[in-house]
Amino acid sequence: MKKDEFFNLMHSIPKAELHVHEEAVLSLNTIKKVYERSFGKSISSGELSSLFKYKDLSGFLDSFIKIQSYFTDINDLKFLFEDFADYLEDNNIVYCETFFSPTSHLKKGWDFSQMIGLVSKSIEKIQKERKRTVRLIIDVSRSFGLENAMHNLDLVLKEKSPYIIGIGLGGNEAKGPAQEFISVFEKARKNGLHVVAHAGEVCGSSSVDDAIEKLGAERIGHGISSCKDDALMKKIVERRIPMEICPTSNVFTRQLVTDLRKHPVRELYDRGAVVTINTDDPAFFKVSLIEEYWNIYYKLRFKLDDIKVLIENSFTSSFAEQKEIKKYLSDFEISWQKWFAEHPSLT
Ligand SMILES: [Zn+2]
């Protein structure tokens, strides 16, 4: 299938995305607007382009935190969600679980309840106007220590927002290993929250194993070092622990893979892991969800049947209610069949 045909197919079918950081969907316009509002002058072209140049994960995380620092007015959060709504529509994502990282905003003195109140209004607007569902996973963060992560969890538990479905552990795993956060995840699970963790993005397979065994992570963010460990792979396959794979992100941060054509997603999928495809930080890595599917179709030789399985996995691996998942899968199947019925030469 040619690129324009593939994109046409992908635009026409509903999809889910499970690993995308909400701040990383912002447009250049939003960065410029927020910067000007905050500092009373235009952002220089040098500073703007430096935000998108990094050699590794640490450099990228520094950029992420720098952009968060441009948001000096809590009401600016609504701009982020306007970009987010466009992103969902452009990629025909009907269900999305997005990471919201409150730590650097809290350090500015922003109130958690107020932030979630504003974000909730944006989520409701997206549901009403765009017919797309957004749920939040709060990144308690591994970069600022246990006390900060526990504080973030306590804020989540106090908030009791219907839009917050779980917590995640983002940041550099080399600087904040899973075992430091066992008590946070234990408390979150006891209180009925879903738990996920970034692991195996920078570090070896033991980091993934720790996320599963020590934190009880229900899904693994990245996990690409897993295929070097047969015992771990067996566990991931047998327990059907979904992997949130973000191919372009891994190539950008150059930790375990530098060439998309050699990305371990192919091996993880072929060995039977439940793989989902995600973008992680689309604005930073200049990739959309549809482009990510194209990449693995074109560069990693996934067949259309495989693409179909990956999209189904993104729904079945979500934390949506079972009856919602059933409906998403049924809508997806209808769209898929309809598109191929209309393009009989492309099956
Ligand atoms: Zn991530």
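The values are calculated or read from the model by the stated rules, or taken from the named source; none is laboratory data. Computed from a predicted model, the values in this text were never measured in an experiment. Using ideal geometry, Cβ is built from the backbone for each residue, glycine included, and neighbour counts are taken over all protein chains shown.
Listing for the model above:
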{"quantity": "Contacts under 6 angstrom Cβ, first residue in the stretch 221-244 being at positive phi, partner away from the ligand (no atom under 16 Å from the Cβ), 6 or more apart", "calculated": "Arg240/Val274"}
{"quantity": "Evaluation of Val156 against (1) assigned to a helix (DSSP H, G or I); (2) under 27 Å from His263 (Cβ atoms); (3) under 20 Å from the mean Cα position of the chain (by Cα) (one fails), failing number", "calculated": "(2)"}
{"quantity": "Condition check for Ile123: buried (at least 19 other Cβ atoms within 10 Å of the Cβ), closer than 27 Å to Lys286 by Cα and either free of Cβ contacts under 8 Å to residues at least 24 places away in the same chain or aliphatic (A, V, I, L, M) (or both)", "calculated": "yes"}
{"quantity": "Contacts under 8 angstrom Cβ, first residue in the stretch 322-337 being part of a helix (DSSP H, G or I), partner surrounded by 14 or more Cβ atoms within 10 Å (Cβ to Cβ) and aromatic (Phe, Trp, Tyr), 6 or more apart", "calculated": "Glu324/Tyr95; Ile325/Phe315; Tyr328/Tyr95; Tyr328/Phe315; Leu329/Phe315; Phe332/Phe315"}
{"quantity": "The listed residue being under 23 Å from Ser120 (Cβ atoms), without any contact (Cβ under 8 Å) to a residue 24 or more places away in the chain and part of a loop (DSSP other than H, G, I, E, B), out of Gly170, Gly192", "calculated": "Gly192"}
{"quantity": "Residue list for the stretch 143-180, filter: within 18 Å of Gly221 (Cβ to Cβ), away from the ligand (no atom under 16 Å from the Cβ) and polar (S, T, N, Q)", "calculated": "Asn152, Gln179"}
{"quantity": "Within the stretch 233-244, considering residues that are aliphatic (A, V, I, L, M) and within 19 Å of the chain's Cα centre (by Cα), the one nearest to the ligand (Cβ to nearest atom)", "calculated": "Met243"}
{"quantity": "Any hit, the stretch 134-146, residues being in contact with a His (Cβ under 7 Å, 6 or more places away or on another chain), in contact (Cβ under 8 Å) with a residue 12 or more places away in the chain and over 25 Å from Asn92 (Cα atoms)", "calculated": "no"}
{"quantity": "Selection from the stretch 204-232 of residues that are hydrophobic (A, V, I, L, M, F, W, C) and within 14 Å of the ligand (Cβ to nearest atom)", "calculated": "Ala211, Ala217, Ile220, Ile224"}
{"quantity": "Residue among Thr133, Thr72 that alone is more than 16 Å from the ligand (Cβ to nearest atom), β-branched (Val, Ile, Thr) and within 20 Å of the chain's Cα centre (by Cα)", "calculated": "Thr133"}
{"quantity": "Considering residues of the stretch 245-278 that are free of Cβ contacts under 8 Å to residues at least 12 places away in the same chain and touching a helix residue (DSSP H, G or I) at 6+ places or on another chain (Cβ under 9 Å) only, the residue farthest from the ligand (Cβ to nearest atom)", "calculated": "Asp259"}
{"quantity": "Some residue of the stretch 5-22 being out of contact with any strand residue (DSSP E or B) (no Cβ under 8 Å at 6 or more places or on another chain) and within 16 Å of the ligand (Cβ to nearest atom)", "calculated": "no"}
{"quantity": "Residue within the stretch 177-185 that is farther than 25 Å from Glu267 by Cα, out of contact with any helix residue (DSSP H, G or I) (no Cβ under 8 Å at 6 or more places or on another chain) and in a loop (DSSP other than H, G, I, E, B) present", "calculated": "no"}
{"quantity": "Single residue of Glu244, Glu324 found to be surrounded by 19 or more Cβ atoms within 10 Å (Cβ to Cβ) and charged (D, E, K, R)", "calculated": "Glu244"}
{"quantity": "Filter result for Phe39 (away from the ligand (no atom under 16 Å from the Cβ), modelled with pLDDT under 95, under 22 Å from Ser120 (Cβ atoms) and among the hydrophobic types (A, V, I, L, M, F, W, C))", "calculated": "no"}
{"quantity": "Ala85 modelled with pLDDT of 95 or more, closer than 30 Å to Lys158 by Cα, within 23 Å of the chain's Cα centre (by Cα) and not in a helix (DSSP H, G or I)", "calculated": "no"}
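Conditions (1) in contact (Cβ under 8 Å) with a residue 60 or more places away in the chain; (2) buried (at least 21 other Cβ atoms within 10 Å of the Cβ), marked per residue:
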residue	(1), (2)
Tyr54	yes, no
Lys66	no, no
Ile74	no, no
Phe81	no, yes
Thr98	yes, yes
Gly109	no, no
Phe112	no, no
